[in-house]
Every structure is written in structure tokens, then in C-alpha cells.
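Data block below; observations after.
The values are calculated or read from the model by the stated rules, or taken from the named source; none is laboratory data. Since the structure is predicted, the reported quantities are computational estimates derived from the model, not experimental observations. We place every Cβ from the backbone using ideal geometry, glycine too, and count neighbours over all the protein chains shown.
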């Protein structure tokens, strides 16, 4: 506890010195007197101790040293060093008291003023010192007594004492006051400690964070209690920071989606839903007050839903609306939910067990007091009720009603903790939109707010409830989230002339209670209401609608059951006044997901792939099929966007018309889709696989890939090198971060189907040859267990593979001709260009590039017809996906007749001319230098890696992805040979290395992170970062 500085002030002869001495003696506290201090100085200076002398000396000491110097000398004289409780007698200046408060901070300072009339004080002095009594007026005119006399200090006092009472009584009053303050202080400290524990458990791990969340508390007190809490065992098990954040994000995600499941609001029951931010804020406040004890949410189901998911603490949710309860069934085990009306008695099992109850009652008596009393009954002997109130300008007279409420609650021994204005905001329900749509400037944005009243309930808090009649109602709906109608039981009017009459003005009234509710028999969430003559007729018509029957069917039903009535007229009047069937048109063209899946299946051959599994479970959105979702996830990924600035063959900055990886991927998609459509394959899978097949490519094309492979193997061959096939799987299973937020799944990667991942991994050039990048070798060495079986890829994946080779061939030739590296004679020497209908010889005045572009259609016709015909022949005896998997040869491929011609193009033109061109070689050498040096820089100094990438990658530190590499190397560190580092790495500030002979030891996750980051860069990014970070080190 903070020490107490108890100051005493009062006029001369008021008895303050006796009182201060008596209090100090009673409490065992140290006591200091300003009079004794000045008297001791007078003795040192050999002055007399008359009152006149002491007054002048006191004033002089203040002039000499200032208020602060004077106070510090006083405390030093009394040997007080902020180390305990202290009584100070003789406070005569407000500035003296203010200075003492400042220099003894953070002590609790309390000022006691003894009040006694001038005549009484003079009378007392005459008995003790007639001279002082005679000169009392003169003494009090001195500047040292001015602020005592003019009541300046009296007005600043915390406690006023009647000086005419006995000394014992005065001491008793002071000590009682101190005990009350001590009790308040202890309660306050307890509440601050509780808040600190809660925020600490929620993941706020620093003093500034906690101070900012608590708000308003004395920073010194928070610091004291924060340090104390850090060094002690907390009563609330601290949540793991990652787990806490994960729970909060998941809960927020669920709460953001909850409005899609909630029923439309009931206007008469004042049913508004809180905004998402309000739900989160209320849940946080309940958590702080609850201290991990049970909580209840009465008429606040959305907050209870969020609270249970977020904090995983015992939660009770009570609501009278059955549809609301049904929409909240996906609750964690810690929560219970019940249909409950406050006019009913509470279940004894949930009475008296909760620490906090949150209520949002309709603001009409007596139901408001029923909510309050039920909340009190739910609480333990002591606890908190958080009650939402309408803001004071909601309707006329509300300020008076709120004031009366506060008075009643105080009388019933409820303690008002706080009243926070505009703490809550509501989403605009449909019925308010209907009501306000006539206001021209009304935008439909959230406009309604409410205040939050926090009550502390004690053992003696109580409310008296008057018996009330419970209003029964029935609810009708087809889809409760779209439209509902409510029928009040026993609320009909047999005297009506017509079966149904419109309640005029109801649809224009914001307040549900401005109209006589006893006359409303049926109302809807669409803000329509009617009076009713016969309840059974209304129930029959609403039930018929709820079962999906049309107006004619309902008319027939009514006529069959009540032949005495005109069913046609009555049903049409119901629909006119209530608009029951409005908006119920059945979709004509919109297909359900099930219908679309059936259409897909009907269009496919028996060899088409079907989606099998994803890495993680997920919720379908209801309008996309599995492979369509894969395609969309790839399209919207960061890695796919970066393909737009990654080299295909020639440097991207040479010519805007030269291929990059992104247009290449789109061309592959077009070609592969043609093949897929021809053979009844799944075009969505083909599209997804084609768009994603190169998603793992490095900057600078294959030059970047080969460089990473070479240097990784040079550092440690156990890592398995690098190839863009497996790295593509790394990207879609680990490195893409769109779903890393727990709020949208908390998973790495894109969570694609296995079939799409196969397209990425198995689009290799070779299948079985002893080639490092052949599928067989990749499957043998992959980190992914489900890709090790080395089975042939499905036909969609094989279509992607051959389309990749075709696109690569066409784009290389086209770009080589554009660069004037390939001449006409080079083409003519290749047998392929003799195939009809290709005519590669340019017309007069036509360039070779223009001719090639004009013949591209013929070239593709030759190749695509060959592939389709060859594939058709290969599939003649294949009648199942299993046989495709077991076949060791590609089934979607060139014919044996065309293969030699394609190979000749590769040997003579691609490898023979293009890959040997000086510009390509120079680019590759430059790429090698950039890739190598950036990789080593990011390895030894991860701080140079883009902050966003680091944040994403950091979440993989303890993942199976990193553990795989640690297992491969046999250590969590890797040796980087110093000879590989060509720049002056030792000049980088803030880097220290663990060394082992001629190697630098680096955490393996840093090395893998550097590989992944370098592979993710575009060509331009890589060049810019190399220039930015390494220019100075390489000089």
C-alpha cells in the first residue's frame, strides 16, 4: 500500500496540534510539526521563540529557499524519506501542501482542517497564554495565517473536524475516515490488480500496453502493481500470446459472420444487434471484471457468443427468441445456452453462480426491472451488472426516467460504478431502414447508440417485482434471417368489421411503444402490423406461407377449412397489409451448388479427376466448387502477381513484348483447357493447375533456379537443393500468408486440393530419365509424404505439363525472332516448319517476326492436333483414373512422329542459339551474382529481409516445414563457408556471429527464410535490393 501523508490545518488555538499528536500516537505514525521545525531553526540562529519571531522566520525561510526547498528541508530535518505513514502539523499555505503532495508522490495525501470560531479559539488561548489571546487578531493578519483565515485551505481539505467536540471524538472521526479511505484504497488496488491480471492474460505484456488499456488509473500505482504482479504468481493462468491472439481473431471472425445467421429483428421486442466493435468491447469489459469466473449474458446473445469463443470461460447465454438460440448452436463446450423469458423464474442451476451479467433490456418498465432483478439473481453474493441504456436523447422524458432509475438503484443498495456514454452502437435493423427510407439524406449507416451503466451488486442489493402478465407469441418464417412474422396470442378483437385491419402509422414509427400494443395482433420484421378478428385465421395463413405455399394454395386451404369465408379476399388483404409474399419469388436461373456439381459430373468423362482432400478443413462458401476455389486462391495470391515481373528467358526490361512468367502461365492455361475440354477433363482443375504451375519460380528464370540449387548444395547437400517444382508446393502449402490470421483459419499456405498441388509438382519435363529434375527424382527426395509415391499425374496435370512445353517453345521462338537472334535460315533448316499448313517464308516487305506471328495459328494447329490425336490413341485402353496413375509414361504428349521435330527445335534453336546468346549468358551471370550475394546477405543478416515477409515467415519457426530441414541437416544451425561471402559482412552494424573454423554458424530457419525470400523476389526487386544493400559493401 502507498504511505499516507496526513496533514493538519486550522486557526491558531483550534486544537490541531493536540489532534495531530493524538492521531499519531493512536496510529503509531511518525509526526512532524512545521512549528517545531521553525522553532529549531530559530534556536540554531539564536533567536527567541516568540510567535512574532517564528512567523517572520517562517516567511523568511520560504523566501530564501522557495516552497520546495523549504519542504525538503522540513522533511530532512524530520528524517523522513518517503518511507512510511506521516502526520504533519501546521499546514499554513496551499502551495506548501501542493509541494508536499508532489515531492512525496506517490503517497496518498489527505488534509484535515479543524474548524473553530474566533471567539472560541480566543477563549481557549486566554486559558493557556493571555498574551496570545490578546494578540490573536494581529497574529492572524500575518501572511503566514492568511490562507488559514480566508478558508483557502479549508476549501481544499479532505476532512473537516468540528473543533468544539472532545479530543477523543475528533481522533475517532479522523481514524474512522482513514479506515474508510484505506478500505477504498484496498478495493481500488484490488480492482487495478484484477485489471492488470486480465490484460496480462489477454497478451498485453508491457507496462505501457497495460496502462493504455486500463485508462485513468494513477500511472505510479499501475507501475507499482504491474511490477508486483510480474514478480508473483498470477491467479489467472496466463494465456500463451499466440493462443490468446489466435482465440481473439477466431472469435472476431466468427462474430463477423454471425449476422448472416441471426434472425431478422423483432421490432416490438426492440431487438437490435450490436456492431462488431461493440461486441468485442463489451466482451473485453466483461472479461476484465469477471476474473475468469462464470459470466451470463441475458438478452445479449451476440456478446455471449463472442465471449465464449474468445475467452473459453464458463458462459451462460439466455434469450427469449428461439431463432436466436438456434443460430448460436456452434458454441464451445464452456458455454450453455437456453431459451428464457425474464417473466419466468430462473432455473436454480444457474442462479447465484456468475460474477458478471451483461443485459440489454427494452427500456420500458416493468420489463426493464425484470431484467435487472434476473441479472441480480444470476450473480454471486457480489458481482457486476453491465446494463445498456438508451442514450438520453432517444425519446422525450428519458432523461427524467434515467435519473429516477439511478435514484431507485441507489436506494436498493446498488452501487453505481460508471456510466459510459455512447459506449455501444447498433447495426441498423431492416425495420428501421423501412421506417426511415422516406428521409432523403438518411444513408442507412449505423446511427443508434447506447450508454453503458456498470453496477456493483452487494449482498443487500435487491429489487421488488410486481407480478406481470406474460405476453405469448408465435413466430412464423421460411428463412428466419430473411423475414419473420409474429402473432400475439389472445390479442384479437372480435368486434372488428373486417377480418384484418392495418395499424396505421406503425410502419413510420421508430418507437414500438408509441402505438397501443394491445391492439396489434400480427406484426412483421418488415415493419408491417395489423389488427385481427380471428386468431386461427391469421395462424392458418402464416403457417401456410411458412411452409412455402403460394397465395393460390393458401386461398384454397382457407376455403377448404372455412367455407363460410371469402378466402380469396382475406388472403389477398393479408398480403396487401403485411406484404407476406413480397420478395418470395423462387430463383429461375440461379443454380444451387448441388446442381452445379451435378452438371459438372455430367459433363466429365470417367478419366476426369475428382477433388479428394485439402491440408485443412474449411467452410465452403456455397457458390464455388472445389477446383474453382483453388483457381481463385491462386489468382489472388501474392506469388501469382509477382510472376508479372519474372523472367521467362530474356531480361524483362529489354522489351515489354517479351514473355514474362505471368503471360506464359495464362497461355499454358488456354492450351491446357483446350486439351481438357476435348477429353472431358475437369476444366476448373486444369485452369487452377495451369495458373499455379510456375508459382514457385525464382527471379531471372531458370538461371535464378540453378543458382539457388548450386549454392544450397555447396553449403549443405543434405538440404536437397532447390527446384521450382517443389518450391511451388512450399509456396502454396506454407509461404502464402492470406490464411495465416487465425481470424480466417490460422493456417499457412492456400489450402489447395491435392490434385492442384500435383499439377504444380509434376509438370516436369521428364518422367523417368536420370535427370535431376525428373519427376522420379523429385518424388524420391521431396519433403512431402503425399508426393513420394511417384505415381503419374492425373490427366489434367499432364495437360498442364504438355501445354507448358508448347507455350515455352512458341514463346522462346517468338521472342528470339523479335530479338533478331533467330534468322529465317535457322527456321528453314528445321523439319518442323515443313509441316503443312505452316508457311514460314515472309512475303515481300514482311519481317520474319510479322510472318511468325501470322503463322502462329498454323504452328499451334500442328502441335495441338498432334497432341490431341496422340493422347486419344494413348487413352484407347485406359478406362480409369487408377490406370492413369499406374502408367509410367505420359499419356498426354506428342506423337512419336512429332517428337523428333520438337527435339530438333530444342537442340538447334532454343539450346543451340537462344541459350548461347551473349545477352542471355550475361543476364544469367548477372543473375547468379545477384542471387548468390542476396542469399548470403539475408542469411547472415535477416534484418535486411522485407519486414512483412519476416512477420509472415516468423510464424513458421516451430512448424513441420522448418523441422524437416533441421532433421535433414541433423542440427538447428548450418555452416556458411566464409569464402562464399564476397562482401565485407563484418562491417554490418549490429551483427555478431558464432563461428566454427572457417564457417559462420547460422540458425537454419534464417537460411531457409533467406532462400524463400530470394525466390519470392521479382527481377526488379532483386536488382533494386542488391543495389540498395550491397553497393557499399562491394566497393
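Summary of values
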{"item": "Residues satisfying the stated conditions in the stretch 546-555, i.e. under 44 Å from the mean Cα position of the chain (by Cα) and assigned to a helix (DSSP H, G or I)", "result": "546"}
{"item": "Helices (runs of 4 or more DSSP H) contained entirely in the stretch 839-923, each with at least 3 residues that are modelled with pLDDT under 95 and either closer than 21 Å to residue 801 by Cα or in contact with a helix residue (DSSP H, G or I) (Cβ under 8 Å, 6 or more places away or on another chain) (or both)", "result": "881-886"}
{"item": "Residue within the stretch 410-421 that is touching a strand residue (DSSP E or B) at 6+ places or on another chain (Cβ under 6 Å) and either assigned to a loop (DSSP other than H, G, I, E, B) or outside the structural domain of residue 289 (by TED's automatic domain parsing) (or both) present", "result": "no"}
{"item": "Sole residue being part of a loop (DSSP other than H, G, I, E, B) and under 30 Å from residue 518 (Cβ atoms), chosen from 262, 318", "result": "262"}
{"item": "Enumeration of residues in the stretch 287-308 that are modelled with pLDDT under 95 and part of a helix (DSSP H, G or I)", "result": "287, 288, 289, 290"}
{"item": "Residue in the stretch 93-104 that is closer than 27 Å to residue 155 by Cα and either outside any helix (DSSP H, G or I) or outside the structural domain of residue 147 (by TED's automatic domain parsing) (or both) present", "result": "yes"}
{"item": "Some residue of the stretch 59-77 being in contact (Cβ under 8 Å) with a residue 60 or more places away in the chain and over 20 Å from residue 167 (Cβ atoms)", "result": "yes"}
{"item": "Residue match in the stretch 647-670 (condition: part of a loop (DSSP other than H, G, I, E, B) and free of Cβ contacts under 8 Å to residues at least 40 places away in the same chain)", "result": "yes"}
{"item": "From the options 246, 261, residue that is in contact with a helix residue (DSSP H, G or I) (Cβ under 6 Å, 6 or more places away or on another chain) and modelled with pLDDT of 85 or more", "result": "261"}
{"item": "Sole residue being modelled with pLDDT under 90, outside the structural domain of residue 1020 (by TED's automatic domain parsing) and under 25 Å from residue 695 (Cβ atoms), chosen from 634, 654", "result": "654"}
{"item": "Residue check for residue 16: farther than 24 Å from residue 218 by Cβ, touching a residue at least 40 places away in the same chain (Cβ under 8 Å) and surrounded by fewer than 20 Cβ atoms within 10 Å (Cβ to Cβ)", "result": "no"}
{"item": "Residue identified as in contact (Cβ under 8 Å) with a residue 24 or more places away in the chain and under 32 Å from the mean Cα position of the chain (by Cα) among 417, 433", "result": "417"}
{"item": "Residue match in the stretch 137-158 (condition: under 14 Å from residue 5 (Cα atoms), part of a helix (DSSP H, G or I) and touching a helix residue (DSSP H, G or I) at 6+ places or on another chain (Cβ under 9 Å))", "result": "no"}
{"item": "From the options 558, 565, residue that is crowded, with 17+ Cβ neighbours inside 10 Å and either in a loop (DSSP other than H, G, I, E, B) or assigned by TED's automatic domain parsing to the domain that holds residue 481 (or both)", "result": "558"}
{"item": "Any hit, the stretch 415-437, residues being at pLDDT 85 or above, within 30 Å of residue 549 (Cβ to Cβ) and surrounded by fewer than 16 Cβ atoms within 10 Å (Cβ to Cβ)", "result": "no"}
{"item": "Hey, residue 1024 modelled with pLDDT of 90 or more, out of contact with any strand residue (DSSP E or B) (no Cβ under 6 Å at 6 or more places or on another chain) and exposed (fewer than 14 other Cβ atoms within 10 Å of the Cβ) or not", "result": "yes"}
{"item": "So residue 465, is it under 38 Å from the mean Cα position of the chain (by Cα), modelled with pLDDT under 90 and either surrounded by fewer than 17 Cβ atoms within 10 Å (Cβ to Cβ) or within 20 Å of residue 571 (Cβ to Cβ) (or both)", "result": "no"}
